[in-house]
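The next block holds one structure in the form of structure tokens; read it before the comments.
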């Protein structure tokens with residue numbers, strides 16, 4: 001089979017489909033990698049989604065023998081944040097780290113290799129993943145394939161732009177406050193944030209932002225997400241905690257009957273900020289679809305106070321940013337200054353340094369209480385539906401970490417993404433499904449969140465939604 005000169009042919013397959021072509025010897029891993037290289041060369045200059053390319057390392061990986069997992073021979077890209085591939089830079093989107101080459105593979109990267117994935121590049125991230133767009137002083141603007149003047153989301157916007165443009169059918173992503181689900185919504189993709197601790201983050205650091213952050217992927221198909229989570233999940237040596245074990249492979253949940261779910265619809269912003277009519281419409285129409293599929297949907301109110309949530313989330317993130325800049329001093333050979341990082345990053349670090357130990361301890365305790373409150377609420381409901389975002393994809397420049405005005409930045413980021421961070425605080429699995437498009441053709445995601453440890457219910461529901469409202473054939477013209 002010739003894929004190199006037939007992009008439409010390549011577009012027909014998800015990652016498992018490509019692996020099946022390789023297994024049937026209809027194409028080789030090397031030929032598939034070459035097809036992806038040609039797509040990168042043709043498309044990436046338009047979207048600026050891949051900032052490090054190392055096809056030579058990928059070719060060496062193929063030559064040395066690939067893992068025999070479910071994605072044997074399928075090309076793959078890592079987000080340039082939080083994961084390490086030996087011999088490559090992980091810059092975290094910042095000038096401070098742009099020359100730091102890893103001397104080891106992260107546990108997750110080792111599992112990706114065992115799954116057979118061929119890793120050829122890194123996707124863009126804003127500095128330290130601190131905003132909901134993917135723009136940085138170091139790498140510039142990453143563009144949304146649906147409209148090149150708009151954000152592809154953040155902080156995994158490089159991953160979402162890469163997948164939406166069909167350079168790849170799936171790419172690694174991470175989520176500390178919505179950074180898988182936000183770009184999935186902006187780019188018309190499926191994005192699942194797993195339960196806290198489901199996917200390994202070590203061995204260099206075993207949690208991000210005191211457990212707020214999780215790693216997984218943005219994908220076109222639900223089954224790719226499930227199979228990748230099967231390949232990557234599980235306890236790693238030294239992990240401080242782990243979620244309840246899954247009962248069977250997540251891939252087996254795709255297509256399985258979810259039963260009659262009890263679902264709560266909460267379409268209002270927990271922060272009281274305005275919600276764009278298209279985002280609210282996306283959620284309410286998704287609720288109606290769920291009812292048509294046999295589920296019971298109730299309109300509900302947030303069980304968690306927004307001020308309490310903010311009071312726990314921000315101190316943890318700000319202290320983590322302060323620590324990241326302090327940790328950078330040794331490899332950099334000097335203290336990090338405000339000239340080294342973007343203004344929002346510096347401001348957050350300064351706030352973090354001003355948080356006393358008692359307030360920090362209280363924030364962590366509050367996170368646990370918020371998780372308890374939500375768990376009690378979900379004794380009644382299997383799933384919660386929210387809009388993924390408060391607005392459709394925003395124009396580039398609005399959410400940048402180098403804003404013209406800090407107050408405006410705070411207002412814009414709060415209004416753009418008021419929904420996602422609560423599920424980082426609680427640690428629950430949460431997904432964005434591409435179920436709605438605006439009249440002018442922009443994707444708008446709908447968020448579904450399940451009980452702690454219950455990705456199985458989300459995969460069952462997601463595959464039901466994917467069948468009822470197929471999205472894979474919707475793709476931008478780029």
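Just so you know, all these numbers are worked out from the coordinates, no wet-lab data involved. All values derive from a computational prediction rather than experimental measurement. FYI the Cβ positions are ideal-geometry reconstructions off the backbone, even for glycines, and counts take in every protein chain you see.
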I'd like the distance between the alpha-carbon centres of the range 414-462 and the range 338-389, rounded to an integer number of Å. 18 Å
What Kirkwood hydrodynamic radius, in Å, does the range 158-262 give when the mean of 1/r is taken over all pairs of distinct Cα atoms and then inverted? 14.5 Å
Arrange the peptides 211-224, 343-356 so that the one whose residues have, on average, the most other Cβ atoms within 10 Å appears first. 211-224, 343-356
Nearest-0.05 FRET efficiency for residue 235 and residue 368, computed from C-beta distance (R0 22 Å): 0.60
In nm, give the distance between the simple-model label positions of residue 9 and residue 468, each being 7 Å from the Cα along the Cα-to-Cβ direction. 3.7 nm
Using r as the Cβ-Cβ distance of residue 299 and residue 404, and R0 as 51 Å, what FRET efficiency do you calculate, to the nearest 0.05? 0.85
Estimated FRET transfer efficiency when R0 is 51 angstrom, pair residue 25-residue 149 (beta carbons, to 0.05): 0.70
Let me know the Rg and Dmax you get for the range 7-468 when you use only its Cα atoms, in Å. 20.4, 61
Just grab the label-to-label distance for residue 46 and residue 440, each label 7 Å out from Cα along the Cβ direction, in nm (one decimal). 1.9 nm
Calculated from DSSP H runs of 4 or more alone, at -39500 (n - 2.57) each and per residue, what is the 222 nm mean residue ellipticity of the chain, nearest 500? -11500 deg cm²/dmol
Ranked highest first by average number of other Cβ atoms within 10 Å, how do 320-332, 279-291, 77-89 line up? 77-89, 279-291, 320-332
